[in-house]
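Down below is the structure, laid out as structure tokens.
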Amino acid sequence: MHLYIAPGAKRVTISSLGGGCSCEATKAAGKKDGPSNRRFSFRSALPTILIAGVLLPFVFIRAAFVALDGASRCSSNNHCFGWRFGPQFLWGGDTSLRLGNELVRALMEAQEEGVEGSAVEAAPKSFSDLVADVTANQYDLKTFALKTKAMLLKMDSKARIARKGESIYRNLATIGIPKSMHCLSLRLAEEYSVNALARAPLPPPEFISHLTDRTRHHIALLTDNILAAAVAVSTAMTSSSEPQKMVFHILTDKKTYGPMHAWFALNPVTPAVVEVKGLHQFEWPTEVNVQVMKTVEAHRMIWEHHYHRSRREMEEEEYSDLEALIPGSFSLLNHLRIFLPELFPKLDRIVFLDDDVIVQRDLSPLWSLNLKGKANGAVIGSFDGDEGNQLTCLGGKFSEHLNFSNPIISEAFNVNSCGWLHGMNIFNLRQWRRENITQKYLQWLKLNIESGFTLWRMGSLPPALLAFDGHMYPIDPSWHIAGLGQFPHSRVQTVNLESAAVVHFSGPAKPWLEIGSPDLRTLWRAHVNFSSKFIRCCRIML
């Protein structure tokens with residue numbers, strides 16, 4: 001092979017020695033290439049096209065992202081220019097982290113800055129309105145954060161007002177007397193005045209001795225609710241294995257005495273014995289009358305204190321004490337239970353029932369139950385957990401009822417002690433008298449007033465917890481299930497209702513009210529005597 005380079009021209013000749021094959025490239029020196037000499041090489045252009053085809057989509061997508069999202073990233077045109085066309089234009093970086101940091105900074109600044117009331121009123125009403133406002137006005141992050149804060153303050157204020165309204169209206173619904181039940185009371189009062197059978201003695205003269213017979217099973221109810229008392233008495237009698245031994249003592253006020261007497265005179269629960277007695281018919285000693293009046297007056301003062309405090313703090317609080325502030329909370333009937341030994345001076349043992357209960361099981365074993373020297377037998381707690389050794393306080397702990405920040409309480413009681421369920425209790429009246437528990441109750445009422453009403457939260461149960469402390473005997477939890485009238489209704493497991501001896505609709509949602517749980521109202525409704533002409537006449541449908 002030979003290589004020739006011509007000196008006068010740009011020529012390169014390559015020839016092969018073996019056989020006449022040569023390759024020559026020539027370009028004359030000093031001459032311009034003419035049109036015939038210009039040739040385009042597709043081999044050299046192909047890599048360029050391929051590279052452009054790969055990069056151009058990326059550049060287009062990146063440019064679109066910058067155009068759509070750049071407004072929230074920058075605060076000036078110069079900054080936008082550097083951000084859009086700098087190195088991050090191609091390679092980006094952690095932009096979501098930058099945006100998050102800027103948003104957090106804007107929210108922190110908005111938290112420190114106050115929002116005027118006018119700004120809250122003018123704030124968007126919903127998230128959709130906020131998005132529309134921000135989109136239309138292109139706010140920066142700080143303005144967006146302030147707008148969001150104003151919207152949240154506005155929504156929080158509305159929610160707080162709605163919760164207060166719910167509490168007030170629900171409370172009004174609990175203290176109102178349904179029209180049908182008011183009709184029942186009026187109809188029975190009329191019947192008592194015109195019908196001699198409705199005024200028949202209760203009990204009949206031949207059963208008077210049963211009222212003080214200590215061998216019989218005595219049950220006491222203090223109520224002015226005729227329909228509720230009828231359900232409680234009928235279910236207790238029909239569930240008993242020895243109904244002929246049962247004696248029901250129904251105590252009511254003067255206003256309800258006539259209608260209550262008429263109902264049980266016209267609807268006897270034989271073979272059980274029923275006594276209906278008005279408070280005006282009791283002849284107590286003078287000292288007992290004085291104690292009763294002091295008790296009612298003390299509870300009235302406590303009620304007024306909590307009522308006015310709630311009114312003063314209504315802007316901050318949400319009427320948490322409304323349930324305890326109902327008018328019945330300081331009624332005489334509500335507080336006479338602490339005077340059961342004086343109401344039944346010749347009895348040694350009695351079962352007390354609230355009127356909002358139904359009895360599903362025989363209560364007879366309670367009268368033979370050994371209370372081991374205690375005055376009050378009640379459901380206190382139950383054991384649960386995998387090993388069955390974890391105690392659940394069914395009546396709540398003392399800390400839920402008492403004020404342990406007061407040294408009078410903290411020095412005398414255990415904060416973790418369990419309260420007891422009231423509404424179904426077996427009382428040893430002899431032990432009650434021996435321990436002078438009623439006087440202890442009155443002393444605690446006096447101490448609470450002297451301490452500025454700071455010993456316990458509103459309610460009639462706390463002073464009873466203090467007076468009976470150390471005198472409680474825990475009975476099996478299946479005797480009494482309470483809380484069926486609480487909100488929410490699902491807090492009571494219906495699976496345990498069938499095995500319970502007494503089902504208690506404690507709480508504001510009574511089964512005779514429309515706010516009660518429909519399923520639980522059906523449970524109570526099944527025991528209403530709809531065959532009575534008075535029930536039908538007053539259209540008590542429940």
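Taking amide hydrogens as placed 1.01 Å from N in the peptide plane, the amide H of residue 360 sits under 5 Å from those of 502, 503, each at least 5 positions away in sequence or on another chain. In region 113-181, a dipole from Cβ-located charges (positive for Lys and Arg, negative for Asp and Glu) runs towards its positive end, and of 150, 168, 118 it is 168 whose Cα lies farthest in that direction.
Could you work out the relative contact order of region 361-472? I mean the mean sequence separation of Cα pairs under 8 Å and 6+ apart, divided by the number of residues, in percent. Could you put the intermediate results ahead of the total?
Numbers: 134 pairs, mean separation 35.3, N = 112.
That works out to 32 percent.
Modelled this way, with points 7 Å down the Cα-to-C-beta line, the labels at residue 530 and residue 406 are 4.9 nm from one another.
Rank 48, 223, 212 by accessible area, highest first, at a 1.4 Å probe radius? List each step's numbers first, then the result.
Details: 48 90, 223 5, 212 70 Å².
So, going from the largest accessible area down, we get 48, 212, 223.
Measuring from a point 7 Å past the Cα of residue 267 along Cα-to-C-beta, which residues in region 173-200 have an amide N at less than 20 Å? Once the point is set 7 Å along Cα→Cβ of residue 267, 177-200 turn out to lie under 20 Å by backbone N, inside region 173-200.
Label positions at residue 296 and residue 362, each projected 7 Å from the Cα along the C-beta direction, are separated by 4.1 nm.
At an R0 of 35 angstrom, the distance between the Cβ atoms of residue 209 and residue 539 translates into a FRET efficiency of 0.30.
For residue 391 and residue 128 in the same chain, what is the full-extension length gain: residue separation times 0.36 nm, less their Cα-Cα distance, in nm? Intermediate results must be reported in sequence, preceding the final value.
Details: separation 263, 0.36 × 263 = 94.68 nm, distance 4.96 nm.
Extra length from residue 391 to residue 128 when fully extended: 89.7 nm.
Here the gap between residue 496 and residue 153, fully extended at 0.36 nm per residue and compared with their Cα-Cα distance, gives a gain of 119.1 nm. Given +1 at the Cβ of Lys and Arg, -1 at the Cβ of Asp and Glu and no other charges, the dipole of region 425-464 around its Cα centre is 180 debye to the nearest 20.
Among the chymotrypsin sites (Phe, Trp or Tyr not before Pro) in region 502-542, those placed in a DSSP loop whose Cβ has at most 13 other Cβ atoms within 10 Å are 530. Close amide H partners of residue 349, meaning residues 5 or more places away or on another chain with modelled amide H under 5 Å apart, are 429. Picking from 412, 432, 449, whose Cα lies most toward the positive end of the charge dipole for region 403-450 (charges on Cβ: Lys, Arg +1; Asp, Glu -1)? The Cα lying farthest towards the positive end belongs to 432. Seen from residue 479, the other residues with C-beta closer than 13 Å to its C-beta sum to a net charge of -1, counting Lys and Arg as +1 and Asp and Glu as -1.
The values are calculated or read from the model by the stated rules, or taken from the named source; none is laboratory data. Just so we're clear, the structure is a prediction, and the values are computed from it rather than from any experiment. Don't worry about glycine lacking a Cβ; one is built from the backbone with ideal geometry, like all the others, and counts go over all protein chains shown. Protein only, heavy atoms only, side chains kept; ligands, DNA and RNA dropped before computing areas. Shrake-Rupley method; radii C 1.70, N 1.55, O 1.52, S 1.80 Å.
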